Amino acid sequence: MLTDSPATEILRVLHVVAHDELCLDCHLLLRPSDKRAMPSDTASLPSPRYDKLSAREREVLPLVILGYGNKQIAQRLFISVKTVESHKGNIMRKLAVDCHCELVRYAMRHHLMTF
C-alpha cells in the first residue's frame, strides 16, 4: 500500500487483508518487461543485469516484488514450488542482490515498478 493512497483505497486494502488475503494498492503498477513498451529515455531502462534474466524469471520477478509466496507464484504460473525457488535464486544471483528488500530497491531504482 502506498503512503499517499486515498482513504477509500486504504479501507479496501484493510478489508481484504482482514480476510487473510493478499491485496495490492490499485495505484501500484509494474512496468512491462518488454523494452518496446518502455519509454525511450535511456535513464529509465533496466540495468544490463536485468537483461540476463530469462523470460520465465521476468514473469516470477514482479510476483516476488509484490510479496507473493512461493506456493502462490507456483499456482499462478503452473509450475512447482521448487521451480519457483530455483527461479528466485537465479534472479537474486543475476541481479546481485542478497534479500527481498534489495530486490524491491533494485526494481524501484531501475524503474521496473511505477507508482
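Suppose we filter the range 81-103 for residues that are of a type in the set (A, V, I, L, M), open to solvent by 30 Å² or more (accessible area, probe 1.4 Å) and free of Cβ contacts under 8 Å to residues at least 40 places away in the same chain; how many remain? So that I can check it myself, show each step before the final result.
We begin by selecting, within the range 81-103, every residue of a type in the set (A, V, I, L, M); these are 81, 84, 91-92, 95-97, 103.
Narrowing further to those that are open to solvent by 30 Å² or more (accessible area, probe 1.4 Å): 81, 92, 96.
Adding the requirement that they be free of Cβ contacts under 8 Å to residues at least 40 places away in the same chain leaves 81, 92.
So the answer is 2.
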Among what's in the range 38-80 and is among the aliphatic types (A, V, I, L, M) and open to solvent by 60 Å² or more (accessible area, probe 1.4 Å), pick the residue that is modelled with the highest pLDDT. Ala55
Identify, from the list His110, His27, His100, the residue that is in contact with a Pro (Cβ under 7 Å, 6 or more places away or on another chain) and modelled with pLDDT under 90. His110
Odd one out for Leu14 among (1) surrounded by 14 or more Cβ atoms within 10 Å (Cβ to Cβ); (2) at pLDDT below 90: (1)
Members of the range 84-115 that are polar (S, T, N, Q) and under 13 Å from the mean Cα position of the chain (by Cα): Thr114
Among (1) touching a strand residue (DSSP E or B) at 6+ places or on another chain (Cβ under 9 Å); (2) among the β-branched types (Val, Ile, Thr); (3) not in a helix (DSSP H, G or I) - the single one Val97 does not satisfy: (1)
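The values are calculated or read from the model by the stated rules, or taken from the named source; none is laboratory data. Note that the structure is a prediction, hence the values are computed from the model and not measured. Don't worry about glycine lacking a Cβ; one is built from the backbone with ideal geometry, like all the others, and counts go over all protein chains shown. All accessible areas refer to the heavy atoms of the entire protein, side chains included, with ligands and DNA or RNA removed. Shrake-Rupley method; radii C 1.70, N 1.55, O 1.52, S 1.80 Å.
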